[in-house]
Each structure stands twice: as C-alpha cells, then as structure tokens.
Amino acid sequence: MTATDDTTYGAVAAPPVLSVKEMTKRRDETDGSEYLFYDVNFDLHENEILVVRGPSGVGKTTILRCIAQLTSFEAGICTLNCPTGPRTPADMGIPTWRADVMYVPQRPAQMPGSPLDFVDVVNSFAVQRAREHYDPVEIAEDWGISSDLWEKKWPDLSGGEQQRIALAVALSCDPRVLLLDEPTSALDPQSTLMVEDALASRTCIWITHDDSQEARIATRTLTINPDASYTITRRSGAEPSQQTESPSHPAEEDQEYLRQRLRCDRQE
C-alpha cells in the first residue's frame, strides 16, 4: 500500500503542479544506514503552500534538496506538470528543472562581490537568458531593502538583508515552485509578514519551526517523524479521512522483503 494525496479543488480535481512519489532517502548512502524519510508521496497544487515540519535532523532540508535535484536519493520520482504532460528532471534537463523548481537556502551562500554581481551571474545562465525576469531590486524594496544595499558586499549585509535579497532574486526568476528553507528565520515580525504576504499566491514548499507562521501560511503540513514515517494534514484541523500517512515503518517493509527473499531462495 502506498500513501496517496487526495487534494481536490471544487468538484473536479485540479492537476498538480508538482508530484513527488515514493521518495526515499537514507542517512548515509554508502553504508545502508537507517532512513531519513521513506516512501514520501504528495501532490502540490497551484498557489498552495505545503509547510514542512519535524524535529531537527529528520531531513527537512534534505527533502527540499532532493526535490531540487541537488541531493541524490535512493528511490522515488518527481514530475512537473507541463503543457505536454508530466515531465521528470531527466526529461527537462537538470538546469531547466532547477529554474522551474527553485531552492532557496536558509543561509544564502557567501558569494564574491555584491548582490548586483550575483544577479548578473544568475542572468548569465543559458536557462535564464531565455526567460523573462522581474526586477529583484523592486521586489525587495517592498520588504524594506533599499537599492543601495544591493551594491554592498555580501558580508556587510545582515542575515535578514541577505535572506530578503536572495528571496527577491529567486522571485525575479519566476519559478513555478519555490522550495523555501526557513526563508524568514532572520527577519523581524514586520518583515516576516511582508514576505508572507508577497508569497501568499505562490506555489511553495516551506520549512518553518514557527507554529504561528504555519497557522498563517499553510494549506497543508507535511510532518517528517524521527522514525522516517510522515503525515500530511490539512490546515485548521483535518479529519482523519483528510490525512495522508505513510502506511508502514520502513524497517517493517525491509523485514517483509527479506522474508520474501528467503522463501524464493528456498524454492530455488
């Protein structure tokens, strides 16, 4: 049995923008160690914000990086709904996938030069040259980032300024899905609300540790548990029939696989 996602909008189910099926990741790929998460399944719909929760170390950042094709994983597939139908990263090419499904880290990497230099680098990528862009300076101005800050060196900016600038650059590229790793963790409450408002109509997977933020922004919540299982619940207290759960603990399925192999070996 595999977990399924039953989100519908109105009388007819809307096609998902992004689908994640049977995604599985071990803590260490080289030694067959225990799972971080196991057999994760969900669909993400247009203008939906799926919040990711869970204790530290369960793989919240890792699952975003797996979806962005920045980290390898043991099993599973991601597809993006395109005019020609669902397409995988292999179908689209990894650079195009990452432009459409864009990961924004909690702490932007320290680039050489200024944020404006970084914008020039992003716009120089072949996959971005073919796309229309918005002005990131204008986007960030609505969040209290004045234009002169874009000319400063990255280390001279505060953590909150770096977060808002990195997010503005991502939005300027107009990806179809944003993968956000605690994008407001360094912001004051007023700036946090401004960013949330700007992202309210976007399609996002958003990691947060803030209960009040989850209540404000989440359409649904994906909770990754320490035993590698997961649950998905709707906002405002889902009924049991509205919840999606991983059907079994990975260790149980491993044991069943071994039992089946032993039976086959004996028959041979």
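The values are calculated or read from the model by the stated rules, or taken from the named source; none is laboratory data. No experiment lies behind these values; they were computed from the predicted model shown. Glycine gets a Cβ as well: all are built from the backbone with ideal geometry, and neighbour counts include every protein chain shown.
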Exercise. Going by the conditions given, is E182 within 16 Å of the chain's Cα centre (by Cα) and not hydrophobic (A, V, I, L, M, F, W, C)?
Worked result: yes
Seminar exercise, completed: For the range 80-91, the count of residues that are of a type in the set (A, V, I, L, M, F, W, C) and buried (at least 19 other Cβ atoms within 10 Å of the Cβ) equals 1
Exercise. Regarding P16, is this residue more than 23 Å from D211 (Cα to Cα), under 15 Å from the mean Cα position of the chain (by Cα) and either at pLDDT below 95 or crowded, with 18+ Cβ neighbours inside 10 Å (or both)?
Worked result: yes
Problem set entry | Residue ID - nearest to V52 (Cα to Cα), chosen from residues in the range 198-212 that are part of a helix (DSSP H, G or I) and either acidic (D, E) or in contact with a strand residue (DSSP E or B) (Cβ under 8 Å, 6 or more places away or on another chain) (or both) | D211
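A quick yes/no check of all residues on (1) at pLDDT below 95; (2) on the phi > 0 side of the Ramachandran plot; (3) surrounded by 19 or more Cβ atoms within 10 Å (Cβ to Cβ); (4) touching a strand residue (DSSP E or B) at 6+ places or on another chain (Cβ under 7 Å):
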site: E46; (1), (2), (3), (4): no, no, no, no
site: V52; (1), (2), (3), (4): no, no, yes, yes
site: G59; (1), (2), (3), (4): no, yes, yes, yes
site: I63; (1), (2), (3), (4): no, no, yes, yes
site: A68; (1), (2), (3), (4): no, no, yes, yes
site: Y103; (1), (2), (3), (4): no, no, yes, yes
For this session: Could you please let me know if L171 is surrounded by 17 or more Cβ atoms within 10 Å (Cβ to Cβ) and not hydroxyl-bearing (S, T, Y)?
Result: yes
Seminar exercise, completed: Selection from the range 83-113 of residues farther than 15 Å from V177 by Cβ and touching a residue at least 60 places away in the same chain (Cβ under 8 Å) yields P105, Q106
Seminar exercise, completed: Out of (1) touching a residue at least 12 places away in the same chain (Cβ under 8 Å); (2) over 21 Å from L171 (Cα atoms); (3) not aromatic (F, W, Y), the one S33 does not meet is (1)
